[in-house]
1. Looking at region A:300-311, which of its residues are surrounded by 24 or more Cβ atoms within 10 Å (Cβ to Cβ) and assigned to a loop (DSSP other than H, G, I, E, B)?
2. Only one residue in B:234, B:267, B:255, B:190 is over 30 Å from residue A:270 (Cβ atoms), under 31 Å from the mean Cα position of the chain (by Cα), within 11 Å of another protein chain (Cβ to nearest Cβ) and of a type outside the set (Phe, Trp, Tyr), so which one is that?
3. Provide a single number: the residues in region B:201-219 that are surrounded by fewer than 19 Cβ atoms within 10 Å (Cβ to Cβ) and either in contact (Cβ under 8 Å) with a residue 12 or more places away in the chain or within 7 Å of chain A (Cβ to nearest Cβ) (or both).
4. May I ask you to say which residue of B:97, B:117, B:146, B:135 is in contact with a helix residue (DSSP H, G or I) (Cβ under 8 Å, 6 or more places away or on another chain) and surrounded by fewer than 23 Cβ atoms within 10 Å (Cβ to Cβ)?
5. In the list B:240, B:261, B:272, B:227, which residue meets the criterion of being farther than 30 Å from residue B:106 by Cβ, surrounded by 20 or more Cβ atoms within 10 Å (Cβ to Cβ) and away from chain A (no Cβ under 14 Å)?
6. Among the residues of region A:293-314 satisfying the criterion of being more than 14 Å from every other protein chain (Cβ to nearest Cβ) and either touching a strand residue (DSSP E or B) at 6+ places or on another chain (Cβ under 6 Å) or among the hydroxyl-bearing types (Ser, Thr, Tyr) (or both), which is nearest to residue B:177 (Cα to Cα)?
7. May I ask you to list pairs of residues, at least six apart or on different chains, whose Cβ atoms are under 7 Å apart, with the first in region B:246-264 being of a type outside the set (D, E, K, R) and the second being in a helix (DSSP H, G or I)?
8. Which one of these does residue A:174 not meet: (1) surrounded by fewer than 16 Cβ atoms within 10 Å (Cβ to Cβ); (2) small (Gly, Ala, Ser); (3) within 8 Å of chain B (Cβ to nearest Cβ)?
Number of protein chains: 2
Amino acid sequence: MVALTAELVDIASVSHHEQALADHLEAILGSLPWLDVVRHGDNLVARTDLGRRYRLILAGHTDTVPPDGNARARVVGDTVHGLGSSDMKSGLAVFVELARTVVEPNVDVSYVFYAGEEVESRHNGLGHLARDQPELLAADAAILGEPTGGAIEAGCQGTLRLAVTTRGRRAHTARPWMGDNAVHRLGPVLSLVGDYVGRRPVLGGCEFAEALQAVAVEGGVAANVVPDQARLTLNHRFAPDRTPEEAERRLRDLLAPALGPDDAVELLDVAPGAPPSLDHPLLAALAGNAGVEVRAKLGWTDVARFTTLGVPACNLGPGDPTLAHRADERAERSLIESTFVALRRLITTEP
Amino acid sequence: MVALTAELVDIASVSHHEQALADHLEAILGSLPWLDVVRHGDNLVARTDLGRRYRLILAGHTDTVPPDGNARARVVGDTVHGLGSSDMKSGLAVFVELARTVVEPNVDVSYVFYAGEEVESRHNGLGHLARDQPELLAADAAILGEPTGGAIEAGCQGTLRLAVTTRGRRAHTARPWMGDNAVHRLGPVLSLVGDYVGRRPVLGGCEFAEALQAVAVEGGVAANVVPDQARLTLNHRFAPDRTPEEAERRLRDLLAPALGPDDAVELLDVAPGAPPSLDHPLLAALAGNAGVEVRAKLGWTDVARFTTLGVPACNLGPGDPTLAHRADERAERSLIESTFVALRRLITTEP
């Protein structure tokens, strides 16, 4: 699975460019006669159909963030380095290995490989499947292979993005008092954002941790012109005890003191969080595995999407979540193998 | 001269396309037997050679910024509208009318019409003349016909641009404490820039006004990534009592408290200012004209270039500086005529 992870890393799949990786996975899965494979765009669903009592989805996204000097895989000892090794091609490798080797599981399994998770929600392949072929996502429970360091990460935080547009008035930079600098006006907004301290509520025994980060900034007209507009994009992560509406309202309240009447705050996208849901027998059995830690998922994951679809879900993957989206992203053999063992035990034992 | 201004406006001369206007001016000036005309590229120098005690340059650029729905001239009452009417074809019209009508001035006059002023400094026709035929720019004083609303604008401020790059560390926005947000780090920089209060030194009786403005900002990696780099471009206008080196050093000192060891400050470009130089008898005589206001030039102009060449210079033109580069650019008969009268008096009186 370490070699397979490296193989998957070497097939570039930055968001919106997942086709080559989808082709590769389709070729592997299509060769396994015990699976029924359906492709929808660059999304794949490969299912057993053994008439078991429960059906479990094992789902992972195929896309990565853009490379940061780490596009090629490198295996050093028991570690595979490279873009997506943690988030989440090591998870995909575990699922592919289960699909290849567990011919007659004791729960029916739907392996779901989907595109467009690292970008705006409207590109999310699970969303496309839910909209166009919802029957492919019917299941009793779902496990997402997002990086959790081999732990169960329960629930997930919500995420929303807001764009703050400050507006001023153009002028020549030699006479700036004739204008109003929209870029300068971002200073107080950035101070509020930089000083923000997130709540850390404990829900279902799991501690969440809210966050607020600027993720993009742009502004400027010409080298000698006072800019009349600047735009700051913020990403807020909120615990699942808040609705998206409440999180948005509180964020707008936080920013209001730094904004003027001509400035605008626009909601770009939002995805609700999900509270921990480990009561389902399949997930409870997973959590009952000796030595598997259970904690809150801080990132937004498609656990929330499954929760909305009525499918209880959690995260479990071999990647290190603290290394996701970093140049030194990597995954370890021991966690890849222990994740494989935990999931194989789950699907080969009738709960 | 209103009609002549309109005629010059109707000959398009956006920067890099001044040839037709240079041809037109060459035809007019070449027909005046009391002038010796030299052409260099699309730059023209037309000189009297009467052996006077002083030689005065009257200089104006022929190029304009790109049109903004105002390419054609329109004369309404005493106003001529159209691209370049203020900056600075009304000034050119005054110079052409002086060249046509003042056959035996009491100071020798070099009329200089040059290309490429509205674009990067390396395209500036005065620069090309200074490099290739510096004898054509030899003079005791120079007056630039840039728009000043009929006032004398003395000296000019220097201008420099710096890029501030803040550097942090990428991380997932759900776990921002693993990274360091380079966009947040711009907050304190923008606070310093926003709080900056420029000096207003009075030099040679003219009050200058320093300024510091952010003109561009950019940063961001992806919607869910803590950005590891952000870049802020600043434009600083500094009074001519400071050298470019001193202005740069003080700006770096101003910014230093907001910057960390991995951040960078890069000088992008710089042009020195020029102190008012109205002591020369020719310029003093001009300033002594009843009713001509004298004030500092806040923008950068080729006055600085003449100062570097050792030729004291100032700005005096009929255009309205606040209308330059605007769609509603225009010039007024009264200012065109009063500028003509002031300059005719200067060159027909031995100072």
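The values are calculated or read from the model by the stated rules, or taken from the named source; none is laboratory data. Quick caveat: nothing in here was measured; it's all calculated off a predicted structure. Using ideal geometry, Cβ is built from the backbone for each residue, glycine included, and neighbour counts are taken over all protein chains shown.
1. A:300, A:301, A:302
2. When all the criteria are applied, what remains is B:234.
3. 7
4. When all the criteria are applied, what remains is B:97.
5. Step by step, each of B:240, B:261, B:272, B:227 is checked, and only B:272 is farther than 30 Å from residue B:106 by Cβ, surrounded by 20 or more Cβ atoms within 10 Å (Cβ to Cβ) and away from chain A (no Cβ under 14 Å).
6. Checking each candidate, the answer is A:294.
7. Listed by first residue and then by second, the contacts come to B:254/B:192; B:255/B:189; B:255/B:192; B:258/B:188; B:258/B:189; B:258/B:192.
8. Answer for residue A:174: the failing condition is (1).
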